[in-house]
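Peer 1: Take a look at this one; I'll ask things after.
Read the figures in this text as sums done on the coordinates, not as results from a lab. Since the model is a prediction, treat every value here as computed from it, not as a measurement. Please note: Cβ atoms are built from the backbone with ideal geometry, for glycine as well, and neighbour counts cover all protein chains shown.
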Amino acid sequence: MWALVIAGFSGCSIYDPEERVPAYIQVDSASFITNSGTGFNTSNITEVWLFVNNQSVGIYSIPTGKIPVLAEGNATISVSPGVFTDGVTANKVLYPFYSQYSIQTKLEKSKLTKIKPTFGYGSDVYIPFKFYQDFETSDTGIITSGRGTVSLTRSTITDPALETQYGKRFGRFTTQNDADIIDFSSVAYLPMRQNGMPVYLEFDYQSTCEVVVGVTGLNAKQPYHDLVLRPKDTWTKIYVSLSDETQNFGSGEKFRFYFSSVSAPGANQSFMIDNIRLIYF
């Protein structure tokens, strides 16, 4: 009887694998710097895709806390930025237009390595952007077609702390009467380089009413709504994926994006927008 007990106990000690001690990586924050000619450095990076020696470690919200990694010695840590699309926190994507951040370092068991990645637009992004407007010197490229007394004005940023991200000017649309409709679009029709590729519209906005974002084709082709922007009382960076909507156009066919309040939101409502970028490869 004792022999059986001893044999069983010895078997566990022989075949149990040795517990490995991990190293740790932590990302507390990430910064974004625009390239030359790409405008102000607004971003909303909420996640990181982490790789060690080209092996995926996982997807983590920022700040990540301590991430255990079963690797040691000289290592390459790579971090790719993630955002959520269309204003939906569940729609997390590795944003294809931002660069990856990499460092060479030494990982040690039980030791914590903190990194603060810096991202920018990738070298393969179509630059200059097919459409860009920051309202600093003009409102070129925007056409208003709203009903009633709504018009576009270039307003001034009053908070000096915001100037590094938004400059000194932004676009504002304001309703004066209950029947007014906010509606505007890009003036130029923008050609698709290749269907099936990611297409995003980036912008910062602040609003007291709901506004729809969508795309429409040449010769007033049927508009395709993408999403409804909810009211925001602070400036909010948003990434709108137009990839599915632009599949409704043939290869090389032209389209433009638009914003519309659809129904009258009432008097004294406003929609403010800045740093509009249409981005694709």
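Peer 1: Out of the trypsin sites (Lys or Arg not before Pro) in the stretch 25-118, which ones are loop residues according to DSSP with at most 13 other C-beta atoms within 10 Å?
Peer 2: Passing sites in the stretch 25-118 are K66, K109, K111.
Peer 1: Not counting the cut sites, what is the longest span of the chain without GluC sites (Glu not before Pro) that DSSP labels loop and that have at most 13 other Cβ atoms within 10 Å?
Peer 2: Looking at the chain, 109-281 is the longest stretch - no exposed GluC sites (Glu not before Pro) with at most 13 other Cβ atoms within 10 Å.
Peer 1: Apply the a/c threshold of 1.5 to the C-alpha gyration tensor of the stretch 202-281 and tell me whether it is rounded, prolate or oblate.
Peer 2: oblate
Peer 1: Check which residues have an amide H placed less than 5 Å from I142's amide H, if you skip close sequence neighbours.
Peer 2: V187
Peer 1: May I ask for the Rg/Rh ratio of the stretch 131-280, computed from Cα atoms with Rh as the Kirkwood radius, given to two decimals?
Peer 2: That ratio equals 0.96.
Peer 1: Mean residue ellipticity at 222 nm from the helices of the chain, using -39,500 (n - 2.57) per DSSP H segment of n ≥ 4 over the full residue count, to the nearest 500 deg cm²/dmol?
Peer 2: -2000 deg cm²/dmol
Peer 1: Roughly how big is the stretch 131-280's charge dipole about its Cα centre, with Cβ charges of +1 (Lys, Arg) and -1 (Asp, Glu), in debye to the nearest 20?
Peer 2: Charge dipole, the stretch 131-280, about its Cα centre: 280 debye, nearest 20.
Peer 1: Output the Cα-based Rg and Dmax of the chain in Å, rounding Rg to one decimal and Dmax to a whole number.
Peer 2: Looking at the chain, its Cα Rg and Dmax stand at 24.8, 95 Å.
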